[in-house]
Amino acid sequence: MNDTFLPDIARLLDVRDETPDTKTFTLRFRDLKNAGPFHFLPGQFLELSVFGYGEAPFCIASSPTRPHTLETTVRRTGQLTTALHRLGNGEEVGVRGPFGNGFDVEAAHGKDLLFVAGGIGLPPLRSLIWNVLDERSRFGKVTILYGARTPADLVYKQELEEWGKRSDVEFHVTVDMADSNWTGNVGVVSTLFQQISLKPESTLAYVCGPPIMIRFVVHDLLALGFKEEAVISTLERMMQCGIGKCNHCAIGHRYVCRDGPVFNYSQIRELVE
Amino acid sequence: MAFTIERQAITKWLQKLLESGEVIAPVRGPCGDILFSTIRSPEQVVWNFQNPLHPPKQFVLPQTDPIVTIKRNDERFEVEPTYDDTRRFLFNVRSCDAKGIAFLTRMYEMEPADASYLRRANNLTIISLACNIPCPLGFCVCTGSGPFLSDGYDVQLTDLGESYLVEVASEKGEAAVSGVPNLFRPATEDAVSQRKRLETEAKNHFEQETCHFASAMRRISTGRVPDALWEKMSDSCLECGGCNMACPTCYCFSVRDLGCDGTWIRCRLWDSCQYPAFTLEASGHNPRAHRKERMKRRFFHKVSAQYYQRDATVGCVGCGRCIKVCLGATNMPAVVAAIRMGKWNE
């Protein structure tokens, strides 16, 4: 019988500041039995324990093509995330998972891919983005649009620069409110659609961000001619067990932790609260 | 397999059960009320009782259920699963409560199975007592969970007067009636037909409490319950969560670390879908911020066709406890009736 709730112990190899309230944690399993590659799909999530504070779900922000460490990017919002933010290199956390369905990477082979992320919505897409870039020849055109409230709220700044320089990626970034050093785009992420050309019939769009941003972006994509099945998002709900038992993340008879968190827009419309 | 046991011989049987494990039965508490508790001697068991306010679900799913032990040595953490392997007999539980535990076990067996729950459930033998006279608030006949059972028990007892009919339905049940020579005799045809007669009589004894699930299910499943009706009903809800705590089939939980300074027990705690924080996300966003949405959720989970298809039953065993505990009268039969009639308390 499996140990349903038993976490594996992982050590923090690196803690990196992304924004004033967001950090990226790099983890490696401590015990030998888990030293091998950890199999997961982009879009899946972990239940991360900060011992004494409990556990909470966080998406895996690193790519399965780089399996020896795991990364997760966490904004400080509550008790557990505040405690996690206090931890430094070498300290231990618990990991259960991976949970959820994840993105169907094979279904994206040969397609053009459009990533639209808002703020802290980039981490789950980053897992898929690096997966795609590490197997670049399998995919068509790759376009990444990223928006944040202010320049300070942009995560993975170094990688954004790298994506901007790559010739096999079209990358655009925007902020809602510029500061004095910002010379780039200003406006919500959907304004970036004007700068790109899309072939909706052969493109899959991956959208992740705050609910209001998702609503506007999905509306625009459908107006551009995307099919509902080609617009894919990853939902957030309060999740505890990760295995569809505790009922916190239920929407109708579906469970975000087990049936999701990745759904296409046609499936999302069928979810009845 | 069916046997009979003489009324006086029950004590001997209970003594045997006490030697092989923990026996939980309805007993009279210090203030005279009936509750399920571990017994030390057979005399404590009560035979004429109406169901205690709390179902026996705490013996498979404790309100605070330790699942992982966490220890800290300097900078190193060690974790171990916590299992409860105590052999237990649940004696004299009513049909609805036996069905309630069968429901919980089905939920936790679903892939991926929950090892912590199943270890406890696998060590539990359910010896139920059929209801010759249904309780005044019960409507188990509407949920297929009483007054007599055809499944969901290991052993089912029926009071035949001077003796009990003992129906055995599982290996655990067989183990519970074995090793006590001369106590159990093969049931006569007469005893079996007496049980059938008692079941028919019991079904004729139900009082006014009924619950017409079918038409409510049709409306709930297709989203045809007007929002205004949910809102009106939810005005009567005090968000106390009493319905969830007293419900034999409610199984929502949260996970918390209890303890301090280097040793914690990670516990599964009962939670309630009626509490606002049940769906509150760290960002502050709450998809079910309003009481009416939470009430809708509770009845969708228990009565919708979507869940009925998955679980092959409604999430209710007709015990009537929510009628007793709900201060706002938003209990199962009342809400089902309101949905069916399209009005609440008018």
*Just the isolated ones, please: cysteines in chain A lacking another cysteine beta carbon under 4.7 angstrom.*
A:Cys59, A:Cys208, A:Cys249, A:Cys257
*DSSP loop trypsin sites (Lys or Arg not before Pro) in segment A:159-225 with at most 15 other Cβ atoms within 10 Å of their Cβ, which ones?*
A:Arg166
*State the extension gain, in nm to one decimal, for the chain segment bounded by B:Met110 and B:Lys232, taking 0.36 nm per residue of separation less the distance between their alpha-carbons.*
40.4 nm
*Hey, what do the phi angles of segment B:231-237 turn into as Karplus ³J(HN,Hα) couplings, whole Hz, using 6.51/-1.76/1.60 and θ = phi - 60°, x for Gly and Pro?*
5, 5, 5, 6, 4, 8, 8
*Assuming R0 = 35 Å, can you tell me the calculated FRET efficiency for the pair B:His212 and B:Ala175, based on Cβ-Cβ distance, to the nearest 0.05?*
0.30
*Using just the C-alpha positions of segment B:180-254 as equal point scatterers, what log10 of I(q)/I(0) does the Debye formula give at each q in 0.12, 0.15, 0.28 1/Å?*
-0.72, -0.88, -1.21
*Given the options A:Gly209, A:Gly184, A:Gly260, state which has the largest fluctuation in a GNM of chain A using a 10 Å cut-off (strictly under) for Cα springs.*
A:Gly184
*Could you compute the FRET efficiency for B:Glu80 and B:Thr200, with r as their C-beta to C-beta distance and R0 at 60 Å, rounded to 0.05?*
0.70
_Pair A:His39, B:Ala305: separation of 7 Å Cα→Cβ label points (nm)_ = 3.9
*List the extent of the Cα atoms of the protein assembly as shown along each of their three principal axes, largest first, rounded to whole Å.*
92, 61, 43
*asked:* Using a Cα-Cα cut-off of under 20 Å, which aspartates and glutamates could be cross-linked to B:Lys99, ignoring same-chain neighbours fewer than 8 residues away?
replied: B:Glu109, B:Asp114, B:Asp151, B:Asp154, B:Asp159, B:Glu167, B:Glu171, B:Glu174, B:Glu199, B:Glu209, B:Asp311
*Considering only B:Thr249, B:Thr188, B:Leu238, whose Cα is most displaced toward the positive end of the charge dipole of segment B:166-250, charges sitting on Cβ of Lys, Arg (+1) and Asp, Glu (-1)?*
B:Thr188
*asked:* Quick check on the protein assembly as shown: helices-only [θ] at 222 nm, where DSSP H runs of length 4 and up contribute -39,500 (n - 2.57) each and the sum goes over total residues. Nearest 500, please.
replied: -7500 deg cm²/dmol
*Compactness of chain A as Cα Rg over 2.2 N^0.38 Å, two decimals*: 0.98
*Quick one: plug the Kirkwood hydrodynamic radius of segment A:1-150 (C-alpha pairs) into Stokes-Einstein at 25 °C, 0.890 mPa s, and report D in µm²/s.*
152
*For B:Lys292, list the lysines whose Cα falls under 25 Å from its own Cα; do not include residues on the same chain fewer than 8 positions away.*
A:Lys245, B:Lys232, B:Lys302, B:Lys324, B:Lys343
*In segment A:106-234, if every C-alpha pair distance is counted and binned at 10 Å from zero, what percent goes to each bin?*
13, 48, 33, 5, 0
*Average beta-carbon neighbours from other chains, 10 Å sphere, peptide B:71-79*: 4
*Just add up the charged neighbours of A:Glu71: K/R +1, D/E -1, any other residue whose Cβ is under 12 Å from the Cβ of A:Glu71.*
+2
*With the contact rule set at Cα under 8 Å and sequence spacing of 6 or more, what percent relative contact order holds for segment A:8-99?*
38
*Using the eigenvalues of the Cα gyration tensor, what equivalent ellipsoid semi-axes result for chain B when each is taken as the square root of five times the eigenvalue, whole Å, largest first?*
35, 29, 16
*Let me know the shape class of segment B:158-296, please: from the alpha-carbon gyration tensor, a ≥ b ≥ c as square roots of the eigenvalues, rounded when a/c is under 1.5, otherwise prolate if a/b is greater than b/c, or oblate.*
oblate
*Which whole-angstrom value gives the distance between the alpha carbon centres of segment B:10-45 and segment A:168-193?*
71
*When the Debye formula is applied to the Cα atoms of segment B:1-141, each taken as the same point scatterer, what base-10 log of I(q)/I(0) results at q = 0.17, 0.22 Å⁻¹?*
-1.03, -1.46
*Normalised contact order of segment B:213-341, rounded percent, pairs of Cα under 8 Å and 6 or more residues apart*: 35
*How much net charge surrounds A:Leu192 when only the other residues with a Cβ under 14 Å from the Cβ of A:Leu192 are counted, with Lys and Arg +1 and Asp and Glu -1?*
-3
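Quick note: the coordinates plus some simple rules give every number you see, no bench work behind them. Worth saying up front: this structure is predicted, and the values here are computed from it rather than measured. Reconstructed Cβ throughout: ideal geometry from the backbone, glycine too, with neighbour counts over all protein chains shown.
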